[in-house]
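Chemist: Take a look at this one; I'll ask things after.
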Amino acid sequence: MEDAGVDALAERLGIGSRHLRRLFLEHLGATPVAVAQTRRLLAAKKLIDETALPLTEIAIASGFGSIRRFNASFRATWDRSPRELRRARGATAAEGGPCTLELRYRPPFDWSALIGFLAGRAISGVEHVASDIYRRTIITSRGPGWFEVRQADKNALKLTVHCPDASDLLTIATKVRRLFDLDADPQTINRHLRQDPLLAPLVKARPGLRVPGAWDGFEIGVRAILGQQVSVAGASTLAGRLVQKYGQPVAFDVEGLTHTFPSPATLAKADITGMPAARAEAIRQFARAVASGKVTFDAAVDSEAFQTKLCELPGIGPWTAQYVAMRALSDPDAFPASDLVLRRACGRNETASWRPWRAYAAMHIWQGVKDGTIDGLHMDGKSRRKAAAGGG
C-alpha cells in the first residue's frame, strides 16, 4: 500500500489520510504502508509453504508489483530469497492444477452446525454439500472456478481452489474465511453471552457456534428475499430455479455444480416468473440497486446505513435487512428481531445486554430450537418446523 493507496483507503472510510496514519501508529505501532507490506510478505510465505505455485505467480497473488521487489522484501525480512525458502521446504514449483491452503481458526469450532446450516440453504447448481464437504462455483477475474472446504487437523479448514488464475487465490481465501467466520474469537463471545440465563445453556451446548457469512452479498440478499414468508426448503427451490434460468452454465465435472449465480445486471432486467409478482419486483429492484452501486457490500460500509438503504427498496423490510447485514456484512450485532422464533424465545427479555454479539445469540437460539434445547415456544407444528430451520 503506497501513499495513493492510503489516501484511497482513508477516503473509503470517510476520514483524512493523516488521521488514518495516526490511528495505525496508535493502535498497531506501524504505518499503513508497513502493515500492508507485512501482510503481503506473510501471504507470500504462506503460499510458498503450502502450495507448489511458481514464485512469479506467488509474487503477483500476494500483491507485489515486481519480482525484484518481491525478492528484495524477502531478503530484507528473512535474509534469504523466496527460492531459498522453497528449497528449504523441499518443494518444487508446479504449473496448473488446484491449490490447497489451510485456513486456521481459534477453537472451539462447531463444524457440524455450520456445515448443516449451509447444507440446508445450498442453492442447487451453485452449492453442494456432501460427506461434510462444502463446494461451490465462483466467478473470478479470469472466468468461472470452484472450490471446496473440509475439516483439517490442527484447528484449520482445508481449502482447495480450482480457478483459472492464481492471482485470485488470496482473495478467495479471505472470502472463505468470512463465509466460515474463521476470524471469530469464541472465548470472548461465549464469556459475554453466557452471562444471560437464556443463552448460558445454549452456549454450553455449542461453544464453537459461528455465524455463517456469505460468499457473495448479492446472492445472500436474493436468497433472503426469496425466504420471506416461505420455508427454507421453499426458498432454496426458488433460488435453484433462478440459477437454472439466469445463471451462467459451467462445464466442471463436479457433482452438483452446474452454474454460477446470476449477476445483478442479469436479474435487474429479468422477467422473473414462478413467484409472487411483488417478490419478483423486489428482486429486480434490489438487483438494480446493487448494479448501480446504490447498495454495496464493502466491509467498510456502516451496517445501520446499509440496512436503511435496503429498507428503502420495495419488498424489503427490517428482517431481510438485518439478516443480510448479519451474513453479507458479517455484522456481529445484527439481529433479525422480527423473526418468529427469536420473538417467541426472547419474550419480553431485553436483548441489549447481548450487544455487540447479538448475531451469535440469534444463531444459538435458532440452533437451540433445531437441537431441541429450547422448548415451550408454543408454536404449531408448521411454525416449529420453519423455526427449527433457523433463519432465512
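Chemist: Mind checking which residues of the stretch 142-154 are touching a residue at least 12 places away in the same chain (Cβ under 8 Å) and either of a type outside the set (Gly, Ala, Ser) or closer than 19 Å to Thr258 by Cα (or both)? Even if it seems obvious, please write down each step before you answer.
Modeler: Step one: list which residues in the stretch 142-154 are touching a residue at least 12 places away in the same chain (Cβ under 8 Å), which gives 142-152, 154.
Arg142, Gly143, Pro144, Gly145, Trp146, Phe147, Glu148, Val149, Arg150, Gln151, Lys154 - these are the residues of the stretch 142-154 that are touching a residue at least 12 places away in the same chain (Cβ under 8 Å) and either of a type outside the set (Gly, Ala, Ser) or closer than 19 Å to Thr258 by Cα (or both).
Chemist: Spot the failing condition for Gly145; the list is (1) in contact with a helix residue (DSSP H, G or I) (Cβ under 9 Å, 6 or more places away or on another chain); (2) surrounded by 14 or more Cβ atoms within 10 Å (Cβ to Cβ); (3) within 30 Å of Val230 (Cα to Cα), and only one is missed.
Modeler: (3)
Chemist: So, in the stretch 329-363, how many residues would count as being in a helix (DSSP H, G or I) and either free of Cβ contacts under 8 Å to residues at least 12 places away in the same chain or closer than 24 Å to Ala287 by Cβ (or both)?
Modeler: The initial filter retains those residues of the stretch 329-363 that are in a helix (DSSP H, G or I), namely 340-346, 351-354, 358-363.
Of the ones still in play, those that are also either free of Cβ contacts under 8 Å to residues at least 12 places away in the same chain or closer than 24 Å to Ala287 by Cβ (or both) are 343, 352.
Residues in the stretch 329-363 being in a helix (DSSP H, G or I) and either free of Cβ contacts under 8 Å to residues at least 12 places away in the same chain or closer than 24 Å to Ala287 by Cβ (or both): 2 in total.
Chemist: Inside the stretch 123-144, can you point out the residues that are at positive phi and either under 15 Å from the mean Cα position of the chain (by Cα) or part of a strand (DSSP E or B) (or both)? Give the derivation first.
Modeler: Keep residues of the stretch 123-144 that are at positive phi, which gives 125, 131-132, 143.
Within the stretch 123-144, Gly125, Gly143 meet the criteria.
Chemist: Could you tell me which of the residues Trp319, Trp366 is modelled with pLDDT of 80 or more, crowded, with 18+ Cβ neighbours inside 10 Å and over 24 Å from Ala278 (Cα atoms)? Walk me through it before giving the result.
Modeler: Numbers: Trp319 fails: over 24 Å from Ala278 (Cα atoms).
Just a single option satisfies the conditions, and that option is Trp366.
Chemist: Tell me yes or no: at least one residue of the stretch 267-276 is touching a Phe, Trp or Tyr at 6+ places or on another chain (Cβ under 8 Å) and either in contact (Cβ under 8 Å) with a residue 40 or more places away in the chain or within 15 Å of Ala122 (Cβ to Cβ) (or both).
Modeler: yes
Chemist: Go through the stretch 164-181 and give me each residue that's part of a loop (DSSP other than H, G, I, E, B) and either more than 15 Å from the chain's Cα centre (by Cα) or of a type in the set (Ser, Thr, Tyr) (or both). Spell out how you get there, then give the answer.
Modeler: Within the stretch 164-181, the subset part of a loop (DSSP other than H, G, I, E, B) is 164-165, 180-181.
Residues satisfying the conditions are Pro164, Asp165.
Chemist: Could you check the stretch 200-221 and list, in sequence order, the residues that are hydrophobic (A, V, I, L, M, F, W, C) and within 18 Å of Phe117 (Cβ to Cβ)?
Modeler: Passing the criteria: Leu202, Val203, Ala205, Leu209, Val211, Ala214, Trp215, Ile220.
Chemist: What's the total number of residues in the stretch 182-198 that are over 22 Å from Leu157 (Cα atoms) and in a loop (DSSP other than H, G, I, E, B)? Give the derivation first.
Modeler: Of all residues in the stretch 182-198, those over 22 Å from Leu157 (Cα atoms) come to 191-198.
This time we only want the ones that are in a loop (DSSP other than H, G, I, E, B), so: 194-198.
Qualifying residue count, the stretch 182-198: 5.
Chemist: Scan the stretch 22-32 and give yes if some residue there is more than 25 Å from the chain's Cα centre (by Cα), within 20 Å of Gly5 (Cβ to Cβ) and surrounded by 15 or more Cβ atoms within 10 Å (Cβ to Cβ), otherwise no.
Modeler: Yes: one or more hits.
Chemist: For the stretch 1-81, which fully contained helices (runs of 4 or more DSSP H) count at least 3 residues that are farther than 24 Å from Thr296 by Cβ? It would help to see each step written out before you state the result.
Modeler: Numbers: elements: 3-13, 17-28, 32-50, 55-61, 67-78.
Those helices (runs of 4 or more DSSP H) span 17-28, 32-50, 55-61, 67-78.
The values are calculated or read from the model by the stated rules, or taken from the named source; none is laboratory data. None of these values were measured; they are calculated from a predicted model. We place every Cβ from the backbone using ideal geometry, glycine too, and count neighbours over all the protein chains shown.
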